[in-house]
Amino acid sequence: MATELQKPRPRKVPELPILERRNWLIHLHYIRKDYDACKIAIKEQLQETQGMCEYAVYVQALLFRLEGKIQESLELFQTCSILNPLSADNLKQVARSLFLLGKHKAAIEVYNEAAKLNQKDWEICHNLGVCSMYLKHFNKAKDQLNNALQLHRHDLTYAMLGKIHLLEGDTDKAIEVYKKAVEFSPENTELLTTLGLLYLQLGAYQKAFEHLGNALTYDPSNYKAILAAGSMMQTHGDFDVALTKYRVVAHTMPESPPLWNNIGMCFFGKKKYVAAISCLKRANYLAPFDWKILYNLGLVHLTMQQYASAFHFLSAAVNFQPRMGELYMLLAVALTNLEDVENAKRSYEQAVALDKCNPLVTLNYAVLLYNQGDQKGALGQYHEMEKRVNTLKESSTLDFDPEMVDMAQKVGAALQVGESLVWTKPVKDSKLKQRATAPSKPSSTQQPLGSNQALGQAMSSAAGYGKTLQLSTGAGASAPLTKPPSLPLEPEPGPEETTSPTESQERRREKRKSRLATE
Amino acid sequence: TGLEMEPLLQAWSCFRRRKFQLCPDLCSQLLEKSPGHQEPDSEFTVSQAAWILKTRALTEMVYVDEIDVDQEGIAEMMLDENAIAQVARPGTSLKLPGTSHGGGPTPAVRPVTQSGRPITGFVRPSTQSGRPGTMEQAIRTPRTAHTARPITSASGRYVRLGTASMLTNPEGPFINLSRLNLAKYAQKPKLAKALFEYIFHHENDVKNVNLRSTVAHIGEYPFTLFTSKSIYKNALDLAALATEHAQYKDWWWKVQIGKCYYRLGLYREAEKQFKSALKQQDMVDTILYLAKVYFRLDQPLTALHLFKQGLDRFPGEVTLLCGIARIYEEMNNIPLAAEYYREVLKQDNTHVEAIACIGSNHFYSDQPEIALRFYRTRRLLQMGVYNCQLFNNLGLCCFYAQQYDMTLTSLERALSLAENEEEAADVWYNLGHVAVGIGDLNLAYQCFKLTLANNNDHAEAYNNLAVLEMRRGHVEQARALLQTASSLAPHMYEPHFNFAALSDQVGDLQRSYIAAQKSKEAFPDHVDTQQLIKQLKQHFAML
Amino acid sequence: MPEGKSPLREVLPKQGQLSVEDVATMVLCKPKLLPLKSVTLEKLEKMQRDAQETVRQQEMAQREHQQQSQQ
């Protein structure tokens, strides 16, 4: 529209106002999403101006893009560039169209042209970064995205930068980026969930929970957040709470394999094996390549002493995940019970070689060897097990499965190793079972059962918080959120540990207050 | 054996023992001995009897249950004046299956046919569920028929048109209709009835039928372009005369007239005849014929009503129960269809159709063990069902029910029983799934390749091969395979969705969007497609 | 070997593998149960095969006849 005004007026004085008015009309319709009316106005304008009205062409191009007709929109944007070669915006649109068509190199060239006209445009930097990313020029991409951030911070830029770090396998850097992103944009559920998932990956459960919980307050039915949060609840044994959460999402995601997998394992945790198998088989039908589902099917069938089926599922799993020691261990258990001792041994060998941390692997191998009369071999594995237990105790304190402890003591006794020095703590409450790799509080400050429920409750109220968001800064409604959950989880390694919870929660409270005030 | 049977008696005995080839020969000998053997007169009762017998035997040879048969040529389908306007209330039309009622398996679980309905457990030579919407689809149908409906539903017509007499009378037609005095026959009920059936099932009104001239070839498959309506005119003329002679009191002729009208596409007239016949004599068969008329008029609810009322008068009648079940299935109401099939089984536990449909419902509802019970029932074998399909299904059920020892033997047997390459292809395809299930992707790859070797148009195999290629990182191969799959089977959502996902991954968002829209059309409730479209729209909306 | 003691058995893990996120992947087309055919359909198919066979033989006979008459 600006360009129209700059044109010399002499002969067309009476027409100009009409053109201007129509441009305004086009603009209005577009903003209001009256696309049909918009198209009519555009058509009229183009007829009047014999196709020379830049703005009309521009908006038509935008409309094409919205409809997914990218090629057409590209051509129109190119027309705009011809009509007005000095507009950086036109070039940007051409470049964006090229990008949407997957023509990343060409897009970069045009963006560079646009940059010549307008140096400090964050959008250009951002999009250059994204194009470079697709071309796998990661370093360039990172530079450009950082440039963009310096000019102007934006959720998308952070997200892209984070994604690149992840593509490079640099989880720590990714977390840094997402943290900044979340600071900048604390209500973006996508960012919150991604960050939560990253913390979960690292085993930083408190932080993971914090961010996932936040995501759920803004979007209580956020599938990604629920899946991740639910899996955390399951890990802590809160199967019923997890199931309730899952049921909510199951309506909108009826055929989600990970969901059915987790639901199945909730039932497993509650010892409802038939239900577990039903769910797991459905998950497997929908996602036959997913090794985790096959692992679980194997595990459940082993628990039910259906060794042939277990073998079937586990050997399939091994095909998809050939370097997981635990799978070979389970396979060995199946083989043992199918009376194929030779292959069971081979499987254990493989398991022990691949998994150097899990004491359960060596324990079970020891059991087999002992039962086969190989005292020496059994002893060797037993000592290996002790080593692993010690290593684990040093790096993080954890609860071992009481059944494992019990069996280990029995094996020790049978092998006459004397009073076992490995197991210094008393057998834990049977509810607090953890996987060997999951860190948690030491026995001296044994968390009461209640705290697990607190986790579940906190999550529940966090999920329900969204409904009460309209309340002004009422203490009751916001209380569950402002305090970090009272989980006695072991602090994770990281420099910013001690101060940030309070600091960030202060900031959050401020932001929330101001946001609520403006509503 | 000094006693020689009276020749007519011999012929009759052959007929009774279903020796339909031998019987007419014997009759011919008899007829040759009498003068005017083509036109029996009232004085020669033996030759009359022989004539009737021969006529009936020839009819039996090519007789198929009329009720089961429901065939059209392409042009009829396209020019069907009875085609109901597209705007019908949901749940009232067979052409708009709508969404499945109350939780049947979605296309993510159970494969669908080109009409968007889930594949059924049983197939009859009927076209309704396979009715293509456009001429293009109709022409393409034969090549992709294997996922939708059997070849013979289209080519059954081909068989009937002139070939019936080819099978029975290679030397030339036994009865030359142009020389018959229909009025005379109309007055002799027994002769008339035999003659009528002969005409109706032989359709050899056209002299010296040359198959190729009446049948077009599209691709490799013969396809009738039109019905020769004049064929039924003769039958109709005879029936009209006969019914008049019977003073409109013979319900049997009314039904035959109805059948002729049906074949001529005059459904309202057919309806009148059947209704009139029913008033005179309540017969299950007539009800079934009338229901077919309503089916053709796209009035499934009327048909349902008719059946249900029929059940009041004929409680527990299997054919009526089955009719109801079929309608519900056509209307994509799987739960109700299953209910009625179960009723059928209560009455007749050898009913193959019910067994097959319930079995397949169970399989696709995560109950392969129960499905196995159905397919394994000795009844099926007793009923003579021993074919590729049965063993294929047994094999699949065994696998998913974790009876691994039986899986491969069943599937092997299915392969050995395959009657053509298309059937073999399907078995290889399922073997591919078994291979995936045990984690042997190389084997799966081979199986899907073998599927294509047997049937070069197997869309599902192309799709699955594409998925395997993607896992190996061969993006270009995967892309090409998906394009083939989606063009072969545009009603399947999987290739469209996969193509959209692939395009999205490489950044070609336009192609991704177009493919995602196609996926949505095929399967509107597919969550992953919806999310992909949402993401793409966000990209497009950003300035 | 243990004497009179409870036998030593393997210990199974109590937690399985949980899915924490849903990465959208490509979908396979599902296994196909093959519809069983009705008696009518079987008969029709058989008739079709027979008819095709008859036509083929007729054509062969015709061709032979032509060849003979040309000689």
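What to note about this one:
- Surrounding net charge for C:Lys32, when Lys and Arg each add one and Asp and Glu each subtract one, Cβ distance under 9 Å: -1
- Take the Cα of A:Cys357, step 7 Å toward its Cβ, do the same at B:Asp312, and the gap between the two points is 7.4 nm.
- In terms of distances greater than 18 angstrom between alpha carbons, the cross-link table entries B:Lys190/B:Lys249; B:Lys259/B:Lys308; B:Lys254/B:Lys279; A:Lys271/C:Lys14 yield B:Lys259/B:Lys308.
- Sorted by Cβ density within 10 Å, fewest first, the residues C:Lys14, B:Lys537, C:Lys32, A:Lys271: A:Lys271, B:Lys537, C:Lys14, C:Lys32
- When each of B:Lys19/B:Lys188; A:Lys292/B:Lys518; A:Lys142/A:Lys173; A:Lys173/A:Lys387; A:Lys142/A:Lys180 is checked by Cα-Cα distance, pairs over 23 Å: B:Lys19/B:Lys188; A:Lys292/B:Lys518; A:Lys173/A:Lys387
- The mean number of partner chain beta-carbon atoms within 10 angstrom of a residue's beta-carbon across peptide A:303-316 is 2.
- Efficiency of FRET between A:Ile31 and A:Gln201 - r from beta-carbon atoms, R0 30 angstrom, step 0.05: 0.10
- B:Asn456-A:Glu403 pseudo-label distance in nm [points 7 Å out on the Cα-to-Cβ vector]: 5.7 nm
- Taking the Cα centre of chain C as reference, the dipole from Cβ charges on Lys and Arg (+1) and Asp and Glu (-1) amounts to some 200 debye.
- Three-way shape call for the range B:457-543 based on the alpha-carbon gyration tensor, with the a/c threshold at 1.5: oblate
- For the range A:151-207, applying the loop criterion from DSSP together with a ceiling of 14 other beta carbons within 10 Å to the GluC sites (Glu not before Pro) yields A:Glu168.
- For the range B:280-300 and the range A:212-251, distance of Cα centres in Å: 54 Å
- For residues of C:45-56, the mean tally of beta carbons on other chains within 10 Å: 6
- Computed extension gain for A:Trp24 through A:Gln119, at 0.36 nm per residue and net of the alpha carbon distance, reaches 31.3 nm.
- Amide hydrogen neighbours beyond the local backbone of B:Gln402, cut-off 5 Å, H modeled: none
- Average beta carbon contacts from partner chains per residue of A:91-102, 10 Å cutoff: 3
- The A:Arg153 and B:Gln530 beta-carbon pair, evaluated with R₀ = 41 Å, returns a calculated FRET efficiency of approximately 0.85.
- All other residues whose Cβ lies under 9 angstrom from that of B:Ala337 are scored, Lys and Arg at +1 and Asp and Glu at -1, for a net of -2.
- Legend: calculated FRET efficiency, B:Thr350 to A:Glu349, from the Cβ-Cβ distance at R0 = 56 Å, rounded to 0.05, equals 0.50.
- Between 0 and 90°, nearest 10: helix C:39-70 axis offset from chain C longest Cα axis: 40 degrees
- The local environment of A:Ser185, defined by Cβ-Cβ distances under 9 Å, has a net charge of -2 under the rule Lys, Arg +1 and Asp, Glu -1.
We did not get these values from a lab; they are worked out from the coordinates using the rules stated. Please read these numbers as outputs of a predicted model, since none were measured by experiment. Counting neighbours? That spans all protein chains shown, and the Cβs are built from the backbone with ideal geometry, glycine included.
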